[in-house]
Amino acid sequence: MEKIAAIIGGGVIGGGWAARFALMGWQVRVFDPDPEAKRKIGEVMDNAERALPMLYESPMPKRGEITFHGTIAEAVAEASYVQESVPERLELKQKVYAELQQHVAEDAVLASSTSGFKPSELQEGAARPQQILVAHPFNPVYLLPLAEVVPGQASQEVVEKASETLRDIGMYPLHIKAEIDAHVADRLLEAVWREALWLIKDGICTTEELDDAIRYGFGLRWAQMGLFETYRIAGGEAGMKHFMAQFGPALKWPWTKLMDVPEFNDDLVDLIAGQSDDQSGHMSIRELERLRDNNLVAMMRALKGQEAAAGKLIRDHDARLRVPLADEVPLVTVRRTVPVDWVDVNGHMNEGRYGQVFSDASEELMTHVGADRAYIDAGNSYFTAETNIKYLDETLVGEEFFVETRVALGEGKKLRLLHEMKRASDGAVLSSCDQFLLHVSLETRKSCPPLSDVLAAVEALAAKHAE
């Protein structure tokens, strides 16, 4: 059976839905009266097509076609799933649902992207209220997996079908059983937003300082453990009850402008502690801490690669910690610890990461001889032409190692490096690499001798290492 989704409203959110469905192999039919809709969704699709496949090791499904239609009736023909993303005006949404139900199949899912309206409000006056529910996503829809599924009067069959469809396109359907204005996630965001507005208005901090408080601190914790699991760890071995007892009284202190809080009593403590036990009680605090630490390292290393937020901080600090190579034979070009994002399911360093290690070693040697960033920016560089890596012993996450590098050949445009990766604790050789490089002019894209200063430094190292 062909998978067909209809997108009603092609703005930022509707365009994100269209892109995710299409990239996951669905045929997508769009209705939006905006004459620029095709261009706008096309631009969203370009971003999605670049970014979403980066999350996967598996090949992506064959891309579905996105077509644009002049009427709702044409757009929803044969669609099994309809996502409404029209502007946040209740009367407009109700009008759209009335028209949708005149043309869509009775067993199709009608889902709304609304960030604020309750499903019962959308269902009011509908011919088939059990067909309508909320599936509230987050921007960019093509990358962020959460969709809050709020049924209201929607049937269990519709909820299950919507959830199955969302999982099919790689999303996480969070079933919110009780309806409330703005659902769950946006209520949290709204509370933070309101307090942020007060902090800015009162001159406590700037917008940048407030964003820094999030991206360098609790935002990283929330991204991988959420709120309550983070606080469970804060309670230590005594757990969530201890945390609640320790910090609960602060609810009465004027730490926030939002002082309408529930009464802090034993019933609330027991409710939260019990749910926290159900959520995380199968893991000890030490296990949770290790999971948290691994997650934070992996996330901040990813940010480091993009030179963003906490990752840029670490990258800059890394550069300050860097020590120039000592004048020794062999040169110790790398000293580091195996990070969590370098290992496979067995906890062993992945084969591809050995190439990263030896690449880092050669980069360090390049800097040592003067072929540094400025040299590359001026249009010159060494390119690796051939690499032979031998894997001699297993390397585990958290192990410290170092790399010794010798210059075996340094003549004209040719450079040959011999690397040995050794375990720091006992000096055992974990891997070796024979690397052959050619010096290249970035302007002509042809090999050529390096500039005289670099060539002299390479020749001197080769002579010294041959002794």
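The values are calculated or read from the model by the stated rules, or taken from the named source; none is laboratory data. Nothing here was measured: the structure is a model prediction, and the numbers come from that model. Positions of Cβ are backbone-derived with ideal geometry, glycine not excepted, and every protein chain shown enters the neighbour counts. The protein model used for the area step is the full one, side chains on, heavy atoms only, and it has no ligands, DNA or RNA in it. Shrake-Rupley method; radii C 1.70, N 1.55, O 1.52, S 1.80 Å.
Between E195 and A245, with labels modelled 7 Å along Cα→Cβ, what's the label distance in nm to one decimal, could you check?
The answer from the label model is 2.5 nm.
Subtract the Cα-Cα distance of E411 and T256 from 0.36 nm times their separation in residues, and report this length gain in nm to one decimal.
Taking E411 through T256 to full extension adds about 49.0 nm, to one decimal.
Give me P(r) over the chain, computed from all C-alpha to C-alpha distances, binned every 10 Å, as integer percentages.
4, 15, 19, 20, 18, 14, 8, 2, 0, 0
Bin by bin, in steps of 5 Å, what percent of the Cα pairs in region 33-90 do you find, going until the bin that has the longest distance?
Computed distribution, short to long bins: 4, 12, 19, 22, 20, 14, 7, 2, 0.
Restricting the calculation to Cα positions, tell me the Rg (one decimal) and the Dmax (whole number) of region 186-330 in Å.
When restricted to Cα atoms, region 186-330 yields Rg and Dmax of 19.7, 69 Å.
Could you please report the charge total around A213, scoring K, R as +1 and D, E as -1 over all other residues with beta-carbon less than 14 angstrom from its beta-carbon?
-3
Take the solvent-accessible surface of the protein heavy atoms, probe 1.4 Å, and return the percent of it on the chain that carbon and sulfur atoms account for.
The value for the chain is 53 percent carbon and sulfur by accessible area.
Looking at region 361-418 from every direction and averaging, what is the projected area of its Cα convex hull in nm²?
It is 5.4 nm².
Among all the aspartates and glutamates, which ones have a C-alpha under 14 Å from K422's C-alpha, if same-chain residues fewer than 8 places away are not counted?
Cross-link targets: D393, E394, E399, E400, E404.
Could you give the dipole magnitude of the chain about its Cα centre, charging the beta-carbon of Lys and Arg +1 and that of Asp and Glu -1, in debye to the nearest 20?
760 debye
Report, in listed order, any pair from K304/K390; K304/K414; K38/K95; K304/K446; K38/K161 with a Cα-Cα distance greater than 25 Å.
In this structure, K304/K390; K304/K414; K304/K446; K38/K161 lie more than 25 Å apart at Cα.
Take region 116-161, compute every pairwise Cα distance, and split them into 10 Å bins from 0; I just need the percent in each bin.
Each 10 Å bin holds this share of Cα pairs: 29, 46, 24, 2.
Within the P(r) computed for region 291-399, what percentage of the Cα pairs occupies the region above 16 Å?
Result: 69 percent of Cα pairs exceed 16 Å.
Compute the separation of the alpha-carbon centres of region 42-94 and region 402-467 and state it in Å as a whole number.
One Cα centre to the other: 51 Å.
Using only the Cα atoms of region 338-394, what do you get for the radius of gyration and for Dmax, in Å?
According to the Cα coordinates of region 338-394, Rg and Dmax are 14.4, 43 Å.
Please work out the ratio of the alpha-carbon Rg of region 378-467 to 2.2 N^0.38 Å and round it to two decimals.
1.27
Return one quarter of the surface area of the convex hull spanned by the alpha-carbon atoms of region 1-157, equal to its mean projected area, in nm².
8.7 nm²
Just in region 310-398: which trypsin sites (Lys or Arg not before Pro) are loop by DSSP and have at most 16 other Cβ atoms within 10 Å?
Loop-located and lightly packed - R322.
Can you show me the helix-derived [θ] at 222 nm for the chain, built from DSSP H runs with n ≥ 4 at -39,500 (n - 2.57) apiece and divided by the number of residues, rounded to the nearest 500.
Per the formula, -13000 deg cm²/dmol.
What's the ranking of 5-16, 51-62 by average number of surrounding C-beta atoms within 10 Å, highest first?
5-16, 51-62
If you count only protein heavy atoms with a 1.4 Å probe, what accessible area per residue comes out for region 192-291, rounded to a whole Å²?
So region 192-291 comes to 69 Å² accessible per residue, rounded to a whole number.
Relative to 2.2 N^0.38 Å, what does the C-alpha radius of gyration of region 278-332 come to as a ratio? Two decimals please.
1.73
For D211 and T67, compute 0.36 nm times the residue count separating them, minus their Cα-Cα distance, and round to one decimal in nm.
47.9 nm
What angle, in degrees between 0 and 90 and rounded to the nearest 10, separates the Cα long axis of helix 285-305 from the longest principal axis of the Cα atoms of the chain?
70 degrees
What is the Cα radius of gyration of region 79-214 over 2.2 N^0.38 Å, N being its residue count?
1.20
Using the Cα atoms as the points, what is the convex hull volume per residue of region 177-260 in Å³?
Taking the convex hull of the Cα positions in region 177-260, it is 136 Å³ per residue.
Out of the DSSP beta bridges found with both residues in the chain, what percent are antiparallel (nearest 5)?
If we restrict to bridges inside the chain, about 65 percent are antiparallel.
With viscosity set to 1.002 mPa s and temperature to 20 °C, compute the Stokes-Einstein D of region 218-265, Rh being the Kirkwood radius across alpha carbon pairs; µm²/s, no decimals.
My calculation gives 180 µm²/s for D.
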